[in-house]
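See structure below.
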Amino acid sequence: MNELEERSKQQVVVPHDEAFKKLIQTFFKEFIELFFPKLHLKLDHTQTRFLMQELLVDIVGQESRTLDLLLETRYTEMDAYILIHFEPQSYADKTFHERMFVYFARLYEKYRKEHKLIIPIAIFTGERYKESEDKITMAIPDHQILHFQYLKVELNKKNWRHFVNSNNPVAAALLAKMGYTNKERRELRLAYLRMILRLQLSLDQAQLALIMSVADLYFKADPLEDQAIIEELIGKDEKEGEQLMELMPAWKRWGFDEGHEEGIKEGIKEGVVVGIKEGIKEGIKEGRIEAQNEMIRKMINKGISPEDISNMLELPLDEIKVRTN
């Protein structure tokens with residue numbers, strides 16, 4: 001196996017694909033409704049069930065592959081059961097369309113007597129994904145022998161702004177994989193938090209935790225930026241801010257520990273300083289001094305000047321210098 005093949009093989013084994021698998025298993029109906037609304041109307045989702053892992057062998061390529069995302073559902077227009085195969089793809093592969101055709105052929109070979117339709121769907125999640133072939137055709141003059149084309153969702157070609165008003169949990173989970181610029185990153189983060197606040201009214205805790213855990217894989221969160229966003233939310237809408245605080249335990253990765261969470265809640269409850277925003281700052285100060293010190297040290301190590309850190313954290317320059325000693 002050469003170096004390129006080894007690197008490609010390593011790229012396949014990533015937590016993103018496993019997270020996506022769990023997302024589809026939980027929110028299959030919502031996924032189809034979001035990206036394939038016409039197909040959604042043809043399916044009887046009460047008849048959907050996921051099949052056991054399917055081992056497919058590519059005799060020509062001399063390799064085997066386990067399909068994790070294979071499900072059976074009812075297609076109302078045909079009054080028959082069909083198969084839908086999902087294939088998440090997070091890296092570039094010039095032969096991907098051939099692989100999809102081989103999977104389709106193997107599924108057809110095994111299930112053609114039981115299922116009258118097989119729908120292959122590829123979901124491209126890679127940030128640097130470039131459009132590749134999505135079909136295989138074979139023909140001779142005046143006659144087409146074969147035309148195979150899979151369905152696809154290219155997340156980085158989706159405009160995130162088209163999804164921020166949606167109450168679809170899949171839209172929230174995948175928002176950070178959609179197309180946006182660096183200048184839009186903070187605005188997208190704020191829109192995501194608001195989506196989560198809406199979704200908590202319709203999802204149970206386990207479902208909400210799944211959505212947030214998938215999104216956390218894709219967001220490149222900055223703790224300082226997140227803190228500023230939270231303060232902005234609270235400053236604009238006290239009720240919205242309090243709802244956000246209730247979700248704080250799910251965001252441990254930001255460095256918000258139990259003391260910080262309680263400090264924030266107390267700051268809101270007691271109104272330590274005039275205004276909700278000042279109460280939040282006081283809670284932060286009492287709850288995460290150590291975490292903030294560690295953050296400052298990391299910023300210094302990354303070459304950020306004490307002056308810039310002082311401006312970002314709104315702390316005296318002398319205090320920044322003391323904390324780094």
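The values are calculated or read from the model by the stated rules, or taken from the named source; none is laboratory data. This structure is a prediction, so every number in the text was calculated from the model and none was measured. Reconstructed Cβ throughout: ideal geometry from the backbone, glycine too, with neighbour counts over all protein chains shown.
Below, the figures for the structure above:
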| quantity | calculated |
| --- | --- |
| Residue in the range 139-152 that is under 28 Å from residue 102 (Cβ atoms), touching a helix residue (DSSP H, G or I) at 6+ places or on another chain (Cβ under 6 Å) and surrounded by fewer than 19 Cβ atoms within 10 Å (Cβ to Cβ) present | yes |
| Top-ranked residue in the range 63-119 [being more than 14 Å from residue 150 (Cβ to Cβ) and touching a residue at least 60 places away in the same chain (Cβ under 8 Å); ranked as surrounded by the fewest Cβ atoms within 10 Å (Cβ to Cβ)] | 91 |
| Some residue of the range 224-233 being of a type in the set (Val, Ile, Thr) and surrounded by fewer than 20 Cβ atoms within 10 Å (Cβ to Cβ) | yes |
| Residues that are at pLDDT below 75 and either within 12 Å of the chain's Cα centre (by Cα) or aromatic (Phe, Trp, Tyr) (or both), drawn from the range 205-240 | 220 |
| Any chance residue 143 is modelled with pLDDT of 95 or more, outside the structural domain of residue 174 (by TED's automatic domain parsing) and at negative phi | yes |
| Hits in the range 66-107 (condition: under 19 Å from residue 48 (Cα atoms) and assigned to a helix (DSSP H, G or I)) | 107 |
| Matching residues in the range 55-86 - criterion: being of a type in the set (D, E, K, R), on the phi < 0 side of the Ramachandran plot and modelled with pLDDT of 90 or more | 72, 74, 77 |
| When residues of the range 9-51 are limited to those that are under 22 Å from the mean Cα position of the chain (by Cα) and among the β-branched types (Val, Ile, Thr), the one modelled with the highest pLDDT | 32 |
| Per-region count, the range 33-51, residues aliphatic (A, V, I, L, M) and closer than 14 Å to residue 70 by Cα | 1 |
| Condition check for residue 148: of a type in the set (Phe, Trp, Tyr) and within 30 Å of residue 118 (Cβ to Cβ) | yes |
| The range 198-220: number of residues that are among the aliphatic types (A, V, I, L, M), touching a residue at least 12 places away in the same chain (Cβ under 8 Å) and surrounded by fewer than 17 Cβ atoms within 10 Å (Cβ to Cβ) | 2 |
| Criterion violated by residue 202 - all others in (1) of a type outside the set (D, E, K, R); (2) out of contact with any Leu (no Cβ under 7 Å at 6 or more places or on another chain); (3) modelled with pLDDT of 90 or more; (4) not in a loop (DSSP other than H, G, I, E, B) satisfied | (4) |
| Residue ID - modelled with the lowest pLDDT, chosen from residues in the range 110-140 that are among the small types (Gly, Ala, Ser) and touching a strand residue (DSSP E or B) at 6+ places or on another chain (Cβ under 6 Å) | 122 |
| In the range 33-51, the residues that are surrounded by 15 or more Cβ atoms within 10 Å (Cβ to Cβ) and free of Cβ contacts under 8 Å to residues at least 12 places away in the same chain | 40 |
